[in-house]
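Structure record follows, encoded as structure tokens.
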Amino acid sequence: MSSPIAGVGGLNAVLFGAYGFATRSLSDSNVAAGKPRQLTISQVALAGSFAGIVNTIICSPVEMLKTQLQIQYNNPNEPAKYKGPMDLARHIMKTDGASGLARGIVSCTWRESIANGAFYGTFEFAKRFFARREGVDPSKLQAHWLVLSGSLAGIGYWTSSYPLDVIKSRIQSDPFGGAPRKYVGVVQTAKLIIAEEGAAALFKGYATCIARTIPAAGATFLAYEMTMRALNS
């Protein structure tokens, strides 16, 4: 599982880097148009969606490899088929070509664009709300408010996109090498899941995911904000 684990740092670097680029570009556009430099919440969400789309380039193949490596352990009576992510990637390239590594990229792009728009938009909205409540500039907001804002952003991320994540995982879990595929597209997969398991299946595991993301997203945004403050001081 070394590739998915190692990919986390790369994913965050690409995501926040693309977000920073988008926010700077939008701020410059505001100034050029004679508007305030500070972005509106909708502009922040737009920057987040852009970052999510860029992030898909790395996110989609990393998550596909992770999914395939996990499902090989579903049957404890059968030995693992792949030794690791690189072995799996070589197998996919051999049997399905580069398109195999891109399986699920459409559903992943939809998830990442929607989720990260909600992620960054929710964080900025919450941060500004708490700053007004405390009577301080958002750049001076205390750490515990940043953590709370980040936690709310994490909830926004998954609430807005969880069904798409379920769909993406089903698409990426289908076998390779010419084997028959059950899930072949976003709409078809959604309809099939609802028909066979009910609409509730699109939210299976949601509560556990939210419980995990609250501390993780809070810590992520606290680290991001403190780092940006240090760099700008």
### Task
List every residue pair whose Cβ atoms lie under 7 Å apart, where the two residues are 6 or more positions apart in sequence or sit on different chains, the first residue falls within segment 62-90 and is more than 22 Å from Glu112 (Cα to Cα), and the second residue, located anywhere, is small (Gly, Ala, Ser) and exposed (fewer than 15 other Cβ atoms within 10 Å of the Cβ).
Gln72/Ala80; Tyr73/Ala80; Gly84/Ser2; Pro85/Ser2
### Query
Just one of the numbered conditions (1) surrounded by fewer than 14 Cβ atoms within 10 Å (Cβ to Cβ); (2) within 27 Å of Tyr73 (Cα to Cα); (3) not basic (Lys, Arg) is not true of Val187; which one?
(2)
### Query
Considering Asp137, Asp165, which residue is more than 25 Å from Cys59 (Cβ to Cβ) and of a type in the set (Asp, Glu)?
Asp137
### Message
Ala131 - would you say it is crowded, with 18+ Cβ neighbours inside 10 Å and without any contact (Cβ under 8 Å) to a residue 40 or more places away in the chain?
### Response
yes
#### Entry: Selected residue [out of contact with any His (no Cβ under 9 Å at 6 or more places or on another chain) and open to solvent by 30 Å² or more (accessible area, probe 1.4 Å)] from Glu112, Glu78
Glu78
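Thr189 - would you say it is in contact with a Lys or Arg (Cβ under 6 Å, 6 or more places away or on another chain) and assigned to a helix (DSSP H, G or I)?
When the stated conditions are applied, Thr189 passes them.
Tell me whether segment 40-48 contains one or more residues that are of a type in the set (Gly, Ala, Ser) and loosely packed, with under 13 Cβ neighbours inside 10 Å. Step through it out loud before you land on a result.
The initial filter retains those residues of segment 40-48 that are of a type in the set (Gly, Ala, Ser), namely 42, 45, 47-48.
Next cut, loosely packed, with under 13 Cβ neighbours inside 10 Å only: 42.
Scanning segment 40-48, I find at least one residue that is of a type in the set (Gly, Ala, Ser) and loosely packed, with under 13 Cβ neighbours inside 10 Å, so the answer is yes.
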### Query
What number of residues within segment 141-157 satisfy the criterion of being farther than 13 Å from Glu124 by Cβ, of a type outside the set (Phe, Trp, Tyr) and either touching a helix residue (DSSP H, G or I) at 6+ places or on another chain (Cβ under 8 Å) or part of a loop (DSSP other than H, G, I, E, B) (or both)?
7
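Going by the structure shown, is Pro175 open to solvent by 40 Å² or more (accessible area, probe 1.4 Å) and in a loop (DSSP other than H, G, I, E, B)?
Values: open to solvent by 40 Å² or more (accessible area, probe 1.4 Å): yes; in a loop (DSSP other than H, G, I, E, B): yes.
So Pro175 passes the test.
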### helices (runs of 4 or more DSSP H) within segment 1-110 that include 2 or more residues farther than 21 Å from Ser169 by Cβ and not hydroxyl-bearing (Ser, Thr, Tyr)
2-32, 41-71, 85-96
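When segment 129-140 is examined, which residues are found to be part of a helix (DSSP H, G or I) and closer than 16 Å to Arg229 by Cα? Steps first, answer last, please.
So in segment 129-140, the residues part of a helix (DSSP H, G or I) come out as 129-134, 138-140.
Residues satisfying the conditions are Ala131, Pro138, Ser139, Lys140.
Which residues, taken from segment 192-233, are hydrophobic (A, V, I, L, M, F, W, C), free of Cβ contacts under 8 Å to residues at least 60 places away in the same chain and open to solvent by 50 Å² or more (accessible area, probe 1.4 Å)?
Taking segment 192-233 as the starting set, the residues that turn out to be hydrophobic (A, V, I, L, M, F, W, C) are 192-195, 199-203, 207, 209-211, 214, 216-217, 219, 221-223, 226, 228, 230-231.
Then drop every residue that is not free of Cβ contacts under 8 Å to residues at least 60 places away in the same chain, which leaves 192-195, 199-203, 207, 209-211, 223, 228, 230-231.
Of everything in segment 192-233, those that are hydrophobic (A, V, I, L, M, F, W, C), free of Cβ contacts under 8 Å to residues at least 60 places away in the same chain and open to solvent by 50 Å² or more (accessible area, probe 1.4 Å) turn out to be Ile194, Ala195, Ala199, Ala200, Phe203, Ala207, Ala211, Ala223, Met228, Ala230, Leu231.
The values are calculated or read from the model by the stated rules, or taken from the named source; none is laboratory data. Just so it is clear, the model here is predicted, and its values are computed rather than measured. A quick note on method: Cβ atoms are made from the backbone with ideal geometry, for glycine too, and the neighbour counts reach across all protein chains shown. SASA here: full protein model, heavy atoms, side chains in, ligands and nucleic acids out. Shrake-Rupley method; radii C 1.70, N 1.55, O 1.52, S 1.80 Å.
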